[in-house]
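Undergrad: Mind having a look at this structure? Questions to follow.
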Amino acid sequence: MNRRLITSALPYVNNIPHLGNLIQMLSADVFARFCRSRGYDTLYVCGTDEYGTATETRALEENKTPRELCDYYFAEHDKIYKWFNINFDIFGRTSNEECTEITQQLFRDLEKNGYITEHINKQLFCPKCNRFLADRYVLGVCPKCGFEDARGDQCDKCGSLLDPIELKKPRCVTCGSEPEIRETRHLYINLPAVSEKLNEWMTETSIKGQWSENAINITKAWIRDGLNERAITRDLKWGIPVPREGYENKVFYVWFNAPIGYMSITKQLEDELKVQGKVSFDWKSWWLPEESDEGKQKPPVDLFQFIGKDNIPFHTVIFPCTLLGSGHNWTKLFHMSSSEYLNYESGKFSKSHGVGVFGTDAIETGIKADAWRFYIFYNRPEKQDYQFTWKEFREKYNSELIGNLGNLVNRTLLFVTKYYDGKIPESNIDESLWQEVRFHENKITEYLEWANLKDAFREIFAISDIGNKAFQSGEPWKTRVNDVEKAQKLIYNLCYLIKDLMILCHPYLPQFSEKILSYFGKQIDEPKFNEEHSVDGLNWAALGKLEGLSTVLPPEVFFTPLDQKTADAFREKYSGNQKERQKNGKKEKSKNQVKLASDQIAHFNSKIDLCVAKIVKVENNPEGEKLFVETLDDGSGKSRVIQSGLRGIISAEELVGKHIILASNLAPRKMRGIESHGMLLAADYTDSEGKAKVEVLEAPWAAPGTKITLEGSSLCEKPQEISADDFFAVEFKVFEGKATVSKTPLLADGKPITLTHVKTGEIH
């Protein structure tokens, strides 16, 4: 089997990446994880693209040097990709020495072979700034579609590649003045001279490598329309120096050196490993195998590249021409996986305009990374543009991720722990069930071999649906009593089906699948190129094997439902663009951002006032479909009104009469037109059928007004009113079935507050 070299488009490092940017890195991550699970020799390389005009202009805006800007945004990108659990073999940078070295050598090779030309051309010059303007230092009207803010290199609206000279009504980005046309010298790569080699290579590789249709069509159009010489130098300071006399004040065009970053970052990995004294690694074994002793001894390399459709010609025309013209047999594109645009609500995701959900926004929501990964792959824009909406995000998240996959996992594992004492019953294989499951598993494998990620992902949910239907029709809650063997057989097979699902899910939802497998005492075996295999780890080869499982631990809820109110709030919060949000002060702290108190017990004793309160009446909030309005007796002699989001989860009749635990000094908050004076405490759990439930904390033995204390602490005077930040600075948790702070039980009238259904988890 050939080795798999995987790259995703290098994210530009002058801004925070949004969900549309993340598609390529996440897609390559899924494919790399799949390849590792299959046992293929795999290397996944990515990093930040740091040179070019956009970096210089952004640095000017932020009053930083280009290096300072790149250092800052590299750290931000790195943080976001780690949060999304993207498992690179290396995430490097193009501003490294390795990129300069390889770029300059490729230029010399092209020059030696006669593929570099020099031309005097006309370029826009800003008299006020006293400099030639590189493409992105110019804005103007697009000559193709009339868009008024087209960049000098490309129009964001119609996608046409441009020369700044072509723009109508050009203006300098820095000062806004109108530039004039002057003559200057630049170097060009002679693409027409390489076109015959390119056409021969493309014709063969696009078939063998099963390129996507849009990649083939775009590349053929470029070749059909005739290739032109393309400038590879720019009048900038921030970039790779041009090793040629007379070009001391110019650098290489970012799109000439950016794809070279794939090779240079691989060499960066080699250099880092050498410094660390770790595994021997020759970067040329992947990129120039014929010139590497290590590469000659290993199988050939297939290069899989994941990019957006706007970058296709750079990867199928310009970059391959550079490699073909060098005279060396570089590893070149084998399979192109290109995606269409992910649009946002009614517009387009845009880094430059700050529109959409950005990586930092996703983190801020408190929604798990795997939920975002789910949505992206369930709707990956492979053949046409796709529109992200908060409405659909909520619907698909609740119905498919939780209602389908999560439901099967929770209801099955809870059944084992509740009725079989956590021991998977021994039984026989259900051949009819597995015949159907294996059909879909084979389809998933076939799809993933060629990076058809969405189709493969949808098949996973088809398997989950099979499992849910089997559970429902099998009615184990009945048969465990009247047909013991039937119930055991069903649960036995469903446990192994879930094991298979977690192996299949792992490339897409790594945190979720690892958590579920941990309940079985198992883990995934997915070693990177320099890591050892896990002895007991599961990989693709374990699919369909009904062996190795014996016990199940009680599962915890991993994904919590997203309600309409919250989704609406997110849609409003992330409307407009980033600058507008910051200007309007719309960025609010989430619970996850609140700084926790260093001494939780001391903070509780000094700040937080909890008491017992009896629910006297429960009504619906007419403006909030998920809100109850509860009237309480808090022992003060006056009625107190609070609101809770329990409507649709617990009936009003169930709540009336309960002696609940009330956060009584929490600052009032108006919700849907009604002011809430406090908050009741509750914890989430999942019932035996896998349904999400809520258990309200109660103290039925305590009279209304009874103060809640911590075991070992006495009553202290508390502030009359505290902020949400003060309240959430303490983590209330269920530990061994008791409500606690720092594992210290909460007491009502001297007795611990216990829960019936929740044994461990968070209280909110």
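Undergrad: Looking at GLY585 and the list (1) modelled with pLDDT under 95; (2) more than 30 Å from PHE735 (Cα to Cα); (3) touching a helix residue (DSSP H, G or I) at 6+ places or on another chain (Cβ under 8 Å), which single condition is not satisfied?
TA: Of (1) modelled with pLDDT under 95; (2) more than 30 Å from PHE735 (Cα to Cα); (3) touching a helix residue (DSSP H, G or I) at 6+ places or on another chain (Cβ under 8 Å), only one is false for GLY585: (3).
Undergrad: Would you be able to tell me the number of residues in the range 742-753 that are under 18 Å from ALA682 (Cβ atoms) and either crowded, with 17+ Cβ neighbours inside 10 Å or of a type in the set (Lys, Arg) (or both)? So that I can check it myself, show each step before the final result.
TA: In the first step, residues of the range 742-753 are kept if they are under 18 Å from ALA682 (Cβ atoms); the result is 745-746, 748, 752-753.
Among the residues that remain, those that are also either crowded, with 17+ Cβ neighbours inside 10 Å or of a type in the set (Lys, Arg) (or both) are: 745-746, 748, 753.
Total meeting the criteria: 4.
Undergrad: Which fully enclosed helices (runs of 4 or more DSSP H) of the range 231-306 have 1 or more residues being crowded, with 22+ Cβ neighbours inside 10 Å and touching a residue at least 24 places away in the same chain (Cβ under 8 Å)? Break it down stepwise before answering.
TA: Numbers: elements: 254-257, 260-276, 284-287, 293-296.
Helices (runs of 4 or more DSSP H) meeting the threshold: 254-257, 260-276, 284-287.
Undergrad: Among the residues of the range 54-102, how many are polar (S, T, N, Q), in contact with a Phe, Trp or Tyr (Cβ under 7 Å, 6 or more places away or on another chain) and farther than 23 Å from GLN24 by Cα?
TA: 1
Undergrad: Here's something else I'd like to know. Does at least one position in the range 467-489 carry a residue that is surrounded by 15 or more Cβ atoms within 10 Å (Cβ to Cβ), in contact with a Pro (Cβ under 7 Å, 6 or more places away or on another chain) and at negative phi?
TA: yes
Undergrad: Looking only at residues in the range 156-197 that are among the polar types (S, T, N, Q) and farther than 19 Å from TYR253 by Cβ, which one is surrounded by the fewest Cβ atoms within 10 Å (Cβ to Cβ)?
TA: The initial filter retains those residues of the range 156-197 that are among the polar types (S, T, N, Q), namely 160, 174, 177, 184, 190, 195.
Okay, now just the ones that are also farther than 19 Å from TYR253 by Cβ, so 174, 177, 195.
On the way: THR174: 17, SER177: 12, SER195: 18.
Out of the qualifying residues, it is SER177.
Undergrad: Would it be correct to say that LEU401 is out of contact with any Gly (no Cβ under 6 Å at 6 or more places or on another chain) and touching a residue at least 60 places away in the same chain (Cβ under 8 Å)? Even if it seems obvious, please write down each step before you answer.
TA: Working: out of contact with any Gly (no Cβ under 6 Å at 6 or more places or on another chain): yes; touching a residue at least 60 places away in the same chain (Cβ under 8 Å): yes.
When the stated conditions are applied, LEU401 passes them.
Undergrad: Take GLU531 and decide whether it is out of contact with any helix residue (DSSP H, G or I) (no Cβ under 7 Å at 6 or more places or on another chain), in a loop (DSSP other than H, G, I, E, B) and not hydroxyl-bearing (Ser, Thr, Tyr). Give the derivation first.
TA: Working: out of contact with any helix residue (DSSP H, G or I) (no Cβ under 7 Å at 6 or more places or on another chain): yes; in a loop (DSSP other than H, G, I, E, B): yes; not hydroxyl-bearing (Ser, Thr, Tyr): yes.
For GLU531, the condition - out of contact with any helix residue (DSSP H, G or I) (no Cβ under 7 Å at 6 or more places or on another chain), in a loop (DSSP other than H, G, I, E, B) and not hydroxyl-bearing (Ser, Thr, Tyr) - is met.
Undergrad: Is it true that ASP310 is within 25 Å of the chain's Cα centre (by Cα) and either part of a helix (DSSP H, G or I) or farther than 19 Å from SER195 by Cβ (or both)? Step through it out loud before you land on a result.
TA: Values: within 25 Å of the chain's Cα centre (by Cα): yes; either part of a helix (DSSP H, G or I) or farther than 19 Å from SER195 by Cβ (or both): yes.
Considered against the rule, which asks whether it is within 25 Å of the chain's Cα centre (by Cα) and either part of a helix (DSSP H, G or I) or farther than 19 Å from SER195 by Cβ (or both), ASP310 comes out as yes.
Undergrad: Please state which one of VAL730, VAL758 is under 11 Å from PHE604 (Cα atoms) and either among the charged types (D, E, K, R) or in contact (Cβ under 8 Å) with a residue 12 or more places away in the chain (or both). Before you say what the answer is, go through the steps one by one.
TA: Working: VAL758 fails: under 11 Å from PHE604 (Cα atoms).
Sole residue among the options that is under 11 Å from PHE604 (Cα atoms) and either among the charged types (D, E, K, R) or in contact (Cβ under 8 Å) with a residue 12 or more places away in the chain (or both): VAL730.
Undergrad: Mind telling me which of the residues GLY261, GLY239 ends up being closer than 30 Å to LYS122 by Cα and assigned by TED's automatic domain parsing to the domain that holds VAL317? Can you show your working first?
TA: Working: GLY239 fails: assigned by TED's automatic domain parsing to the domain that holds VAL317.
Result: GLY261 is the single residue among GLY261, GLY239 that is closer than 30 Å to LYS122 by Cα and assigned by TED's automatic domain parsing to the domain that holds VAL317.
Undergrad: Sticking with this one: Exactly one of (1) surrounded by fewer than 20 Cβ atoms within 10 Å (Cβ to Cβ); (2) touching a His at 6+ places or on another chain (Cβ under 7 Å); (3) part of a loop (DSSP other than H, G, I, E, B) is unmet by ALA702. Its number?
TA: Unmet condition: (1).
Undergrad: Within the range 531-540, identify whether any single residue is more than 20 Å from LEU26 (Cβ to Cβ), outside the structural domain of ILE90 (by TED's automatic domain parsing) and under 20 Å from the mean Cα position of the chain (by Cα), and answer yes or no.
TA: no
Undergrad: Shifting gears a bit: Does SER432 meet the test of being outside any helix (DSSP H, G or I) and not aliphatic (A, V, I, L, M)? Don't jump to the end; show me each part of the working.
TA: On the way: outside any helix (DSSP H, G or I): no; not aliphatic (A, V, I, L, M): yes.
Considered against the rule, which asks whether it is outside any helix (DSSP H, G or I) and not aliphatic (A, V, I, L, M), SER432 comes out as no.
Undergrad: Of all residues in the range 215-255, how many are aromatic (Phe, Trp, Tyr), at pLDDT 90 or above and touching a Pro at 6+ places or on another chain (Cβ under 7 Å)? Spell out the reasoning first.
TA: Of all residues in the range 215-255, those aromatic (Phe, Trp, Tyr) come to 222, 238, 247, 252-253, 255.
With the extra rule that they be at pLDDT 90 or above, the set shrinks to 238, 247, 252-253.
Subsequent filtering for residues that are touching a Pro at 6+ places or on another chain (Cβ under 7 Å) retains 238.
Selection size over the range 215-255: 1.
Undergrad: Here's something else I'd like to know. Tell me, which residue of the range 716-741 that is under 24 Å from ALA667 (Cβ atoms) and polar (S, T, N, Q) is surrounded by the fewest Cβ atoms within 10 Å (Cβ to Cβ)? Walk me through it before giving the result.
TA: As a first pass, look at the range 716-741 and keep what is under 24 Å from ALA667 (Cβ atoms): 716-733, 739, 741.
Those left that are additionally polar (S, T, N, Q): 720, 723.
On the way: GLN720: 8, SER723: 13.
Once the filter is applied, the top-ranked residue is GLN720.
Undergrad: Of the conditions (1) under 30 Å from ILE444 (Cβ atoms); (2) surrounded by 18 or more Cβ atoms within 10 Å (Cβ to Cβ), ASN85 clears all except one; give me its number.
TA: So the condition that ASN85 fails would be (2).
Undergrad: Which one is farthest from the chain's Cα centre (by Cα), of the residues in the range 45-89 that are under 30 Å from PHE374 (Cβ atoms) and charged (D, E, K, R)? Talk me through it step by step, then tell me what you get.
TA: Residues of the range 45-89 under 30 Å from PHE374 (Cβ atoms): 45-49, 73-89.
Keeping just the survivors that are charged (D, E, K, R) gives 49, 76, 78-79, 82, 89.
Numbers: ASP49: 19, GLU76: 14, ASP78: 12, LYS79: 11, LYS82: 9, ASP89: 17 Å.
Ranking the candidates gives ASP49 first.
Undergrad: Among the candidates THR316, THR365, THR360, which residue alone is closer than 30 Å to ILE260 by Cβ, crowded, with 18+ Cβ neighbours inside 10 Å and not basic (Lys, Arg)?
TA: On the way: THR365 fails: closer than 30 Å to ILE260 by Cβ; THR360 fails: crowded, with 18+ Cβ neighbours inside 10 Å.
Exactly one of THR316, THR365, THR360 is closer than 30 Å to ILE260 by Cβ, crowded, with 18+ Cβ neighbours inside 10 Å and not basic (Lys, Arg), namely THR316.
The values are calculated or read from the model by the stated rules, or taken from the named source; none is laboratory data. These numbers come from a predicted model, not from an experiment. Note: ideal-geometry Cβ built from the backbone for every residue, glycine included; neighbour counts use all protein chains shown.
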